[in-house]
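Here, each number is a calculation from the coordinates, and none is a lab measurement. As the structure is a computational prediction, the values presented were derived from the model and not from experiment. Positions of Cβ are generated from backbone atoms using ideal geometry, with glycine treated the same way; all protein chains shown enter the neighbour counts.
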Amino acid sequence: MRGHGPRLAVTLLTVIPWPARGAARLGAPARGAPAAQLQRATAGAAMAWAPGVGVLLGAIAAALLTAAGRPLGAGPLAGAVLAVAALALLTRGLHLDGLADLADGLGSGKPADDALAIMRKSDIGPFGVVTLVFAVLIQVAAIAHAESLSAVRGAATVVAAVTTGRLAMTWACRRGVPAARPGGLGATVAGTVRLAIPATETVVALAAAIGTVAIWPETGWTLPAAVAAGLAVAWLLERHAVRRLGGVTGDVLGALAEVATTVVAIIACLGPPA
């Protein structure tokens with residue numbers, strides 16, 4: 001099932017089509033393997049590849065940002081809006097929805113069962129609206145500023161932010177992190193990823209950020225710090241969600257992705273041009 005990881009990650013986390021065959025579908029029956037065991041194995045494979053999906057999404061958004069902001073002449077702000085909008089479309093807006101739902105659930109101050117019930121509702125409350133608006137505004141403003149400093153810095157900020165957001169999801173699916181409730185995506189992916197996987201991917205992400213700065217100094221020295229800070233803030237939010245809700249849910253995973261993305265974007269654009 002390991003070979004199905006990239007396909008599952010792409011189809012689970014984006015709208016990009018990648019037809020599955022046989023047992024490649026999440027939870028599909030396979031000869032000689034119990035359905036529940038297969039489902040968790042395939043879920044773990046998908047979440048292990050989540051940062052790779054982040055690289056793909058980040059590259060698409062960065063291309064839009066650069067094309068709109070530079071050769072097409074729309075400017076950094078329009079390019080940043082297009083980049084963030086593309087990310088929302090490519091992910092069905094599910095991560096943004098998760099951020100809003102988690103904000104409503106935690107902001108309610110109610111016990112875990114009541115908070116989870118609030119998160120399951122289809123509507124968005126005041127906490128969710130405010131959190132969603134500010135998260136999107138911060139992302140757009142930060143990416144636009146990075147693009148205004150240099151095209152390379154803008155592209156690097158987008159790729160690093162989106163990749164780190166998906167890496168935060170992988171961390172939250174590591175073994176030892178429980179699901180908040182028995183059903184839903186959270187129950188399927190919680191505890192399915194070995195600790196060595198996100199740890200190794202974090203080292204690779206930090207090395208890539210440092211290497212990017214070494215090759216293109218205009219990306220700014222804050223890029224590696226931004227990746228580390230994004231993961232740290234996502235970890236703090238994950239721990240808070242586990243304490244309040246009893247574990248992770250699909251909404252928690254989406255919220256972690258958006259929070260990490262936002263933190264990386266705002267820190268990566270800090271400082272004067274290199």
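Is segment 126-166 best put as rounded, prolate or oblate by its Cα gyration tensor, with a ≥ b ≥ c the root eigenvalues, rounded for a/c under 1.5, and otherwise prolate when a/b is larger than b/c, oblate when not? Kindly include the intermediate steps, with their values, before the conclusion.
Numbers: a/c = 6.13, a/b = 1.80, b/c = 3.41.
Because a/c hits 1.5 or more and a/b fails to exceed b/c, segment 126-166 counts as oblate.
Among 203-209, 4-10, 155-161, 107-113, how do they line up by average Cβ neighbours within 10 Å per residue, starting with the highest? Don't skip to the end; give the middle numbers.
Details: 203-209: 16.7, 4-10: 20.7, 155-161: 29.0, 107-113: 13.1.
With the highest mean Cβ count within 10 Å placed first, the list reads 155-161, 4-10, 203-209, 107-113.
Per q in 0.12, 0.15, 0.19, 0.21 Å⁻¹, report the Debye log10 I(q)/I(0) for segment 136-274, using one uniform scatterer on each alpha carbon and no solvent.
One equal scatterer on each Cα of segment 136-274 leads to -0.47, -0.69, -0.96, -1.10.
What does the charge count near Ala160 come to, summing +1 for each Lys or Arg and -1 for each Asp or Glu among other residues with Cβ under 12 Å from its Cβ?
Once all neighbours under 12 Å are counted, the net charge is +2.
Determine the gain in length on full extension of the stretch Arg120-Arg92; use 0.36 nm per residue of separation and subtract their C-alpha separation, reporting nm with one decimal.
Full extension from Arg120 to Arg92 adds 8.4 nm.
What length, rounded to one decimal in nm, is gained on full extension from Trp235 through to Ala199, with 0.36 nm per residue of separation minus their alpha-carbon distance? Don't skip to the answer; put the middle values down first.
Values: separation 36, 0.36 × 36 = 12.96 nm, distance 1.29 nm.
Answer, rounded to one decimal: 11.7 nm.
Over the chain, what relative contact order in percent results from Cα pairs under 8 Å that are six or more residues apart? Before the final figure, lay out each step's value.
Details: 517 pairs, mean separation 63.1, N = 274.
With pairs under 8 Å counted, the relative contact order is 23 percent.
Label-point separation (nm) for Ala141 and Ala85, each offset 7 Å from Cα along Cα-to-Cβ?
Each label point is offset 7 Å from its Cα along the Cβ direction, giving 2.1 nm.
Positive end of the charge dipole of segment 50-268 (Lys, Arg +1 and Asp, Glu -1 on Cβ, about the Cα centre): tell me which of Ala146, Leu195, Ser122 has its Cα farthest that way.
Looking along the dipole axis, the top candidate is Leu195.
Any idea how far the Cα center of segment 190-256 sits from the one of segment 72-97, in Å?
With segment 190-256 and segment 72-97 each reduced to a Cα centre, they are spaced 21 Å.
With just the Cα atoms of the chain, tell me how far they stretch along each of the three principal axes, in Å, largest first.
54, 42, 30
Hey, in the GNM for the chain with a 10 angstrom Cα cutoff, which one of Met169, Met119, Met47 fluctuates hardest?
Ranking Met169, Met119, Met47 by mean-square fluctuation puts Met119 first.
In deg cm²/dmol and to the nearest 500, what is the mean residue ellipticity at 222 nm of the chain if only DSSP H runs of at least 4 residues count, each as -39500 (n - 2.57), divided by the residue total?
-24000 deg cm²/dmol
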